[in-house]
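**Student:** What follows is a single structure, and I will ask about it in a moment.
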Amino acid sequence: MLIHYIIPTPIGRMEIAGSELGIQSVRRLEDQSAGGSGLPDEVVLSEQHPVAACARQLAEYFAGSRETFELKLDWGGTPEFHRQVWAELLKIPFGKTTTYSAIAEQLGNPAAVRAVGMANRSNPIAIIVPCHRVIGKAGELRGYFYGLDTKMLLLRHENPQKFSEQGALF
């Protein structure tokens, strides 16, 4: 049975969807004003259920006490190339970034930069599969499905020294 769970985060209300097989998606809700959070009253999850574990680990991530996620992921039905790209994303350490071209090279296909970008854009499991850690070759921020401001917020959360805002000197 697919379970949907809504949690508040610093980047807005997020919906986690998953089953006993693992997490299928983590996405920010488009309508941030809609009521409700958590689970329907009739649904009770053990703490080990992937959805409950994901909610707990996301809360720990945003609280600054978690840098890696230990979750079962369910990528059923997705193209193999996307799975390969997402597996590379999972290797990017907390607080670090890589480039689309570096991922293409790691996959043995340096010409696949655009395809890597499209797979990144199709990532259904935001934050857990850290597509926000992928930047342009020259170090510039490139697309993020929740906007570049949100991408920068996540990068600052993970590495405030590298991605800090430049304050005025005078």
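The values are calculated or read from the model by the stated rules, or taken from the named source; none is laboratory data. Here the structure is a predicted model, which is why all the values come from computation and not from measurement. Using ideal geometry, Cβ is built from the backbone for each residue, glycine included, and neighbour counts are taken over all protein chains shown. SASA here: full protein model, heavy atoms, side chains in, ligands and nucleic acids out. Shrake-Rupley method; radii C 1.70, N 1.55, O 1.52, S 1.80 Å.
**Student:** How far, in nm, would the chain grow between Lys96 and Leu21 when pulled straight, counting 0.36 nm per residue and subtracting the alpha carbon separation?
**Tutor:** Here the answer is 24.1 nm.
**Student:** So which aspartates and glutamates can Lys137 reach, going by Cα to Cα under 14 Å and dropping same-chain residues fewer than 8 places off?
**Tutor:** Lys137 reaches Glu105.
**Student:** For n ≥ 4 DSSP H runs only, could you compute -39500 (n - 2.57) per run for the chain, divide by its residues and tell me the 222 nm figure to the nearest 500?
**Tutor:** Value at 222 nm, helices only, nearest 500: -9000 deg cm²/dmol.
**Student:** Using heavy-atom solvent-accessible surface (probe 1.4 Å) with all chains present, what is the largest-first order of Lys162, Lys151?
**Tutor:** My answer, sorted largest first, is Lys162, Lys151.
**Student:** What is the set of long-range amide H partners of Thr99 at a cut-off below 5 Å, with H atoms built 1.01 Å from backbone N?
**Tutor:** Amide H neighbours of Thr99: Ile135.
**Student:** What length, rounded to one decimal in nm, is gained on full extension from Glu80 through to Glu67, with 0.36 nm per residue of separation minus their alpha-carbon distance?
**Tutor:** That pair, Glu80 and Glu67, stretches by 2.0 nm at full extension.
**Student:** Could you state the angle between the C-alpha long axis of helix 148-158 and the longest principal axis of the C-alpha atoms of the chain, as a value from 0 to 90 degrees rounded to the nearest 10?
**Tutor:** In the chain, helix 148-158 runs at an angle near 80 degrees to the longest axis.
**Student:** Out of all DSSP beta bridges in the chain, what portion is antiparallel? Express it as a percent rounded to 5.
**Tutor:** If I count the DSSP bridges inside the chain, around 75 percent turn out antiparallel.
**Student:** In whole Hz and in residue order, list the ³J(HN,Hα) couplings for the range 118-135 that follow from phi through the Karplus curve 6.51 cos²θ - 1.76 cosθ + 1.60, θ = phi - 60°; x for Gly and Pro.
**Tutor:** 5, 5, 4, 5, 8, 4, x, 10, 4, 6, 4, 9, x, 5, 5, 8, 9, 10
**Student:** Can you sort Tyr144, Tyr61 by solvent-accessible area, 1.4 Å probe, largest first?
**Tutor:** I get Tyr144, Tyr61, largest accessible area first.
**Student:** Also, quick follow-up: For helix 50-63, report the angle its Cα long axis makes with the longest principal axis of the Cα atoms of the chain; keep it between 0 and 90° and round to the nearest 10°.
**Tutor:** Its long axis makes an angle of about 50 degrees.
**Student:** Another question, if that's okay. Using the basic label-point model (7 angstrom from Cα toward the beta carbon), what is the Met118 to Phe145 distance in nanometres?
**Tutor:** 1.6 nm
**Student:** If you rank Ser46, Ser25 by how much accessible surface each has, with a 1.4 Å probe, what is the order from largest down?
**Tutor:** Highest to lowest solvent-accessible surface, that is Ser46, Ser25.
**Student:** Read phi for every residue in the range 22-28 and hand back ³J(HN,Hα) as whole Hz from Karplus 6.51 cos²θ - 1.76 cosθ + 1.60, θ = phi - 60°, with x for Gly and Pro.
**Tutor:** Values, residue by residue: x, 7, 9, 7, 9, 9, 7 Hz.
**Student:** Mind checking which aspartates and glutamates have their Cα closer than 16 Å to the Cα of Lys162? Skip sequence neighbours fewer than 8 apart in that chain.
**Tutor:** Hits, sequence-local ones excluded: Glu140, Asp149.
**Student:** Computed over the Cα atoms of the chain, what is the convex hull's projected area averaged over all directions, in nm²?
**Tutor:** 11.6 nm²
**Student:** Using a Gaussian network for the chain with springs between C-alpha atoms less than 10 Å apart, which of these wobbles most: Pro79, Pro124, Pro93?
**Tutor:** Answer for the Gaussian network model of the chain: Pro79.
**Student:** For Ile125, what residues show an amide H to amide H distance below 5 Å, using hydrogens built from the backbone and excluding near sequence neighbours?
**Tutor:** Val26
**Student:** Could you work out how far apart the two model spin labels at Asn109 and Glu47 are, taking each label as a point 7 Å from the Cα in the direction of the beta carbon, and quote it in nm?
**Tutor:** 4.3 nm
**Student:** Shifting gears a bit: Which lysines, on any chain, are close to Lys72 with Cα under 27 Å apart, when same-chain ones fewer than 8 places away are left out?
**Tutor:** Lys91, Lys96, Lys151
**Student:** Please compute the length gained on full extension between Met1 and Glu30, using 0.36 nm multiplied by the number of residues separating them and subtracting their Cα-Cα distance.
**Tutor:** Extra length from Met1 to Glu30 when fully extended: 8.1 nm.
**Student:** How much accessible surface does Leu29 have with a 1.4 Å probe, in Å² rounded to 10?
**Tutor:** Estimated to the nearest 10 Å², Leu29 gives 30 Å².
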